[in-house]
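The values are calculated or read from the model by the stated rules, or taken from the named source; none is laboratory data. Computed from a predicted model, the values in this text were never measured in an experiment. No Cβ is skipped: glycine too gets one built from the backbone with ideal geometry, and neighbour counts run over all protein chains shown.
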Amino acid sequence: MLRTLRHGKRKIGVDVVAFGEHLVAQAAPGDSIGQVSPRSRGTIGTFATTDDGRRVAITAMHVTGARDVTANDSPIVCSIPSRFDDAGAAGLHLDLGTQSGVDAARILLPPGFSIDMRLPTFGDVKGWRWTVDEDVNHSVTLVGATSGRLDGRIIDPSHDFPDLELNQVIVVRIPTDLGDSGASIVDGAGLVLGFLVGFGDGMPEDHRLFCPAGLVLGQLHCSIP
């Protein structure tokens, strides 16, 4: 039985162009994201819309080092890209996230913050779906802030890890690296299946754990357009 989970954390990317006194940013899935203080680095899995119409970026909660953030808590200040990659990146608010049941968080995007829903080197992200038994050995693609594009295969489409407090985890054979945490896996149709958490001690070294998209979106009260 797995008893500890190792988390990835580290690296890059977003184009930022200044016009006069205004900062115009554009980000895409696979770009880096992180807490401002202390600095950290993870990956944007995708973008979504909250139940009340706000735009957010989705990543892994453990990238911040915090256990939970609820509506009653002060938001955690994060940035896109990570301050490791751009020391002057503007602060954004992580207003909701948890490591119980899933490991996921959402970061509010301000008006005028430009996003590209396309997964680099892959194409459009068109929505999400639950994994099913028939997904065993199904090919998936991930773009991480550290690793760039990786292709892998599903080993187990739904497995509970009670010792890790993670439910319906998707186990994938894919060699991610530190800094890829939060990255999404998509199927050939461009549907998001899950978001990278890390890997467990005692697992084969190329196996990774992903929280299912359905549980993540439900916990964060948002949907993928």
Check: Do any residues in the stretch 96-125 that are within 20 Å of S79 (Cβ to Cβ) and without any contact (Cβ under 8 Å) to a residue 60 or more places away in the chain have Cβ atoms under 9 Å from those of residues that are among the small types (G, A, S) and not in a strand (DSSP E or B), where the two are at least six apart or on different chains, and which pairs are they?
Finding: P110/A90
Notebook entry, point to check: If you take the residues in the stretch 183-209 that are free of Cβ contacts under 8 Å to residues at least 60 places away in the same chain and among the acidic types (D, E), which one is farthest from K126 (Cα to Cα)?
Noted result: E205
Next item on the list: Collect the residues in the stretch 178-223 that are modelled with pLDDT of 95 or more and in a loop (DSSP other than H, G, I, E, B), keeping them in residue-number order.
Entry: G179, D180, S181, G182, A183, D187, G188, A189, G190, L220, H221
Next item on the list: Just give me the residues in the stretch 130-148 being closer than 25 Å to R83 by Cβ and either in contact (Cβ under 8 Å) with a residue 60 or more places away in the chain or of a type in the set (A, V, I, L, M) (or both), in sequence order.
Entry: L142, V143, G144, A145, T146, G148
Next item on the list: Could you please find all residues in the stretch 126-163 being more than 16 Å from the chain's Cα centre (by Cα), part of a strand (DSSP E or B) and not hydroxyl-bearing (S, T, Y)?
Entry: D151, G152, R153, I154, I155, D156, P157, H159, D160, F161
Next item on the list: Select, from A66, A71, A105, the only residue that is within 22 Å of A28 (Cβ to Cβ) and either touching a strand residue (DSSP E or B) at 6+ places or on another chain (Cβ under 9 Å) or aromatic (F, W, Y) (or both).
Entry: A105
Next item on the list: Hey, can you tell me all the residues within the stretch 92-136 that are of a type in the set (F, W, Y) and more than 22 Å from L166 (Cβ to Cβ)?
Entry: F113, F122
Check: Among I154, I170, which is the only one that is surrounded by 17 or more Cβ atoms within 10 Å (Cβ to Cβ), more than 18 Å from Q35 (Cα to Cα) and out of contact with any helix residue (DSSP H, G or I) (no Cβ under 6 Å at 6 or more places or on another chain)?
Finding: I170
Item checked: Scan of the stretch 88-125 for residues that are buried (at least 19 other Cβ atoms within 10 Å of the Cβ), of a type in the set (S, T, N, Q) and part of a strand (DSSP E or B), ordered by number -> T98
Margin query: Step by step: first the residues of the stretch 67-87, then only those that are of a type in the set (V, I, T) and assigned to a strand (DSSP E or B), then the one that is surrounded by the most Cβ atoms within 10 Å (Cβ to Cβ). Which residue is that?
Written below: I76
